[in-house]
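Below is one structure, written out as structure tokens; the observations come after it.
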Ligand code: H79
């Protein structure tokens, strides 16, 4: 269906694999959504959802005062949770820039923060040994030349053609495209090596009044990015579907774990939230459980993908207690079980696990990892067709041996004995060494 003959650059598949190696092996990253919406504390789309004008939104700029902003603390929490990279919003759809851009006054340096928050983020995460990424929104609900589409805060009040015409009078997307190129140049020039660029749009050309590759000047923009940072990894949201190299990875957003199997064999990262929104949302009560978060991570890796899990810091610039608690739980699990995540991917097709359990496979040591989502109440696990293939079995968390023997019911199967008392991990992992 996708010919994808067209190309922007001339990188070989082997070169791309090499460029993306750290990212594929790391598997787990932190997304950070921080902006003026963090103070509104009711969704990063609040300006759209409540149809706010620039004037009505101005109070969030005036109030912006992240007095507890401490990205070293963030980086330490990310690292402890086992994350290998981070991607922070340098500008979200609202148009506010966390960096000191020459091309706008709508930036953190002109708020009570009085400084370039992107620079501090970069230095902090680098200092903790994490890779650093920038999120940059193609949509811009503040720039005077950005032509209004369906996603724009003011268009949904009156969706007539006449209103669109009126709202877009005097706006010039060509000028906005230049603004983006200028800012991307700043971001990819003034902060040293940047490892990931995460460009984000909302509705694309297929949608009514959506924008596509031409609106973003996508080909030119991507060429610019590659020129400024040859090693960078870029997501696929520029709308360049016709190109083989129109982006490095796919970005299934907030999809359920049961949808991830279809991405097997592709290059992808699912982006997920703790509670539904990306920006800090004080009253949102839909926080995922520890088990749901682990499920997202394990299911991603067991289908050959990455997970980037989002934190929305509060308006004061710190992770709230729910986020910190969730990260702490992940760090506890990862400390004991990260060997089943890093450098791992889906297992060879011959290996199956009991219904509900999941399998990962390490490219580094060639071992299989059985993630016990359903811990057996009788202490027995049947591994179908494994007889003769496994040399040794142990729990990953403490390297304690697990006794294996041929199944009495079927000699092709192995029966694994685990203790009746489940180890203190939400999802314990069995490591199988192959013959
Ligand atoms: O930055 C995060 C989101 O804000 C952004 N991408 C992630 C990484 C994003 N852009 N577009 N979308 C997500 C899809 C938009 C869905 C919407 Fe809605 C449905 C917009 C309006 C209705 C979600 C629900 C946002 C507001 C209400």
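Quick notes
- Within the range 1-137, DSSP assigns beta bridges of which about 10% are antiparallel (rounded to the nearest 5).
- The chain, relative contact order in percent, only Cα pairs under 8 angstrom and at least six apart counted: 17 percent
- In the chain, the DSSP-assigned H stretches of four residues or longer account for a calculated mean residue ellipticity at 222 nm of -8000 deg cm²/dmol, using -39500 (n - 2.57) per stretch and the full residue count as denominator.
- Residue order, fewest to most beta carbons within 10 Å, for 266, 177: 266, 177
- Rounded to 10°, Cα long-axis angle of helix 321-337 versus longest principal axis of the chain: 40 degrees
- Helix 54-63 vs. the chain, principal-axis angle (Cα, 0 to 90°, nearest 10): 60 degrees
- Among 399, 48, 335, 93, the order by Cβ neighbours within 10 angstrom, fewest to most, reads 399, 335, 48, 93.
- For the chain, the longest principal axis of the alpha carbon atoms and the long axis of helix 290-302 meet at an angle near 80°.
- Label point distance in nm, residue 178-residue 7, each placed 7 Å from Cα along Cα→Cβ: 3.3 nm
- Using 0.36 nm per residue and subtracting the Cα-Cα separation, the extra length available between residue 355 and residue 72 on full extension is 97.7 nm.
- Diagonalising the gyration tensor over the Cα atoms of the range 347-434 and scaling each eigenvalue by 5 before taking the square root yields semi-axes of 17, 16, 12 Å, largest first.
- Computed over the range 1-138, the alpha-carbon pair-distance distribution with 10 angstrom bins reads 11, 33, 29, 19, 8, 0, each value a whole percent.
- DSSP beta bridges in the chain [antiparallel fraction, %, rounded to 5]: 45 percent
- Stretch gain in nm, segment residue 422-residue 208, where the contour uses 0.36 nm per residue and the Cα spacing is subtracted: 71.8 nm
- The per residue volume of the convex hull around the alpha-carbon atoms of the chain is 154 Å³.
- Spin-label model, residue 394 to residue 364: label points 7 Å out along the Cα-to-beta-carbon direction sit 1.6 nm apart.
- Per-pair calculated FRET efficiency, R0 = 35 Å: residue 102 and residue 25 via Cβ, rounded to 0.05: 0.40
- Residue 287/residue 63 FRET efficiency (R0 25 Å; Cβ-Cβ; nearest 0.05): 0.45
The numbers here are math on the coordinates, done by the rules we state, and not lab data. Treat the numbers as computed from the prediction; the structure is a model and nothing was measured. Here the Cβ is made from the backbone with ideal geometry for all residues, glycine too, and neighbour counts use every protein chain on show.
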